Amino acid sequence: MEAFDSFKKELSSPKRIFITTHVKPDADALGSSLGLANYLIKKGHEVTVVTPTDYPSFLTWMKGNEFVLDFSKKDDQKQAIIALEKADIIFCLDFSVLQRVNELGEMIRKSKAYIVNIDHHQDPEDFAQFRFWSTKAAATCELIYELIVKLGDKDLVDKEIAECLYAGIMTDTGGFRHPNTTKNVHLIVAELIDHGANGSQIANWIYDSNSVNRLKFIGFAITRRLVVREDIHTAYFVISKKDLKKYQSQTGDTEGLVNYALSLDGIKLAALFSEREDGIKISFRSSSEVAINKFAASYFDGGGHKNAAGGKSTLSLKDTVEKFEKLVEECQQELFETAIAEAH
């Protein structure tokens, strides 16, 4: 309570505020950033939102998108650095360790500003003066709404803010299908609808805004790049740089692909290996009984949630996949014993 009172006092007069989130922002990252930004602007603060990299085009409908600075762009980077140096308060949203924002991380660490961390991932780094954090929350957007309510400003949540927050909760619960879809999620979503959020329209913007190239890429990936290992309850996609180039892949085009692998009967663990310029990016998904975040942290320098995690590898694409298969074979009992027992 003492920390919250101190935080509330920091916001009691107009401040210069800097908001950032993790690399390759998803709907929860951008939705929490812009939802919070639009609220703080209503409160009279000067707000700058900075993303470390670009993000999918299907998120650009959010209010305030046109003012977001992309730190990976030279011109935006100059403006972002000036805003960070002038900031009184820095909000770090939807990440728990500063390395998740690339070079911005060390700049934030050295800042004299009051730092706030709002997040729902495990094992947070101790870098903030105030942390509003819970692994029980399905999304950072859920926490942003709870924070606004706690600050006594529920009535300031308008249609645009509600839509930003709804988007993050919807996507981080897998369209309200994942085990993290709690009673609290439904209660908050109901209130966001009361504030004007149009759930069907938001779902359309995010899930039904495909390019022809993306649909062709998904078809190609499922027919040519899906590997199914029923013997180890695992399925995965292997996507090369050549594949991405062939279909003119844009940021966000691989979003959700890994879920097709997990949807197969008998599959408890799914992965997507995507070859990028800076190494192999890995997305993991698992059934509710399998804690894939521990696997990702132990072997692929990653982490995340119990059933949705990420990782990376500096090995070749071929060697990374071979390492993965070998590890899953070796860790079968540890990974799947509960899932297999429940299936029988």
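The values are calculated or read from the model by the stated rules, or taken from the named source; none is laboratory data. Since the structure is predicted, the reported quantities are computational estimates derived from the model, not experimental observations. Neighbour counts run over all protein chains shown; Cβ positions are idealised from the backbone, glycine included. To get the accessible areas, we keep the full protein, side chains included, count just its heavy atoms, and leave off ligands, DNA and RNA. Shrake-Rupley method; radii C 1.70, N 1.55, O 1.52, S 1.80 Å.
Here each label is just a point 7 Å from Cα along the line to Cβ, and for residue 330 and residue 227 those points are 1.6 nm apart. Suppose a student asked you for the relative contact order of the chain, using Cα pairs under 8 Å spaced at least 6 residues apart; what percent would you report? Answer for the chain is 12 percent. Secondary structure note: in region 212-343, about 75% of the DSSP beta bridges are antiparallel.
Rounded to the nearest 5, what % of DSSP beta bridges with both residues in the chain are antiparallel? Of all bridge pairs located within the chain, approximately 45 percent are antiparallel. With both labels modelled 7 Å from their Cα along Cα-to-Cβ, the residue 259 to residue 78 distance reads 4.1 nm. Our note on the geometry: Cα centres of region 198-239 and region 92-135, 31 Å apart. With the highest mean first, a sort of the peptides 109-119, 311-321 on other beta-carbon atoms found within 10 angstrom per residue produces 109-119, 311-321. Normalised per residue, the accessible area of region 212-343 is 52 Å², obtained with a 1.4 Å probe and no contribution from ligands, DNA or RNA. Using a ≥ b ≥ c from the Cα gyration tensor of region 44-143 (square roots of the eigenvalues), is it rounded, prolate or oblate, where a/c under 1.5 gives rounded and otherwise the larger of a/b and b/c decides, a/b for prolate? Cα axes put region 44-143 in the oblate bin. With the convex hull constructed from alpha-carbon coordinates only, the chain shows a mean projected area of 17.4 nm² over all directions. Share of carbon and sulfur in the accessible area of region 97-230 stands at 49%, probe radius 1.4 Å.
Cβ under 9 Å from residue 120's Cβ, residue 120 left aside: what net charge do those residues give with Lys, Arg +1 and Asp, Glu -1? Taking every other residue near residue 120 into account, the sum is -4.
Quick one: Debye curve from the C-alpha atoms of region 3-207, no solvent, what's log10 I(q)/I(0) at q = 0.10, 0.17, 0.19 Å⁻¹? The Debye formula, applied to the Cα set alone, gives -0.37, -1.15, -1.46. Of the GluC sites (Glu not before Pro) in region 244-287, the ones in a loop by DSSP (not H, G, I, E or B) with at most 11 other beta carbons within 10 Å are 277.
Computed about its Cα centre, the charge dipole of region 3-207 is approximately 320 debye, with only Lys, Arg, Asp and Glu carrying charge at their Cβ.
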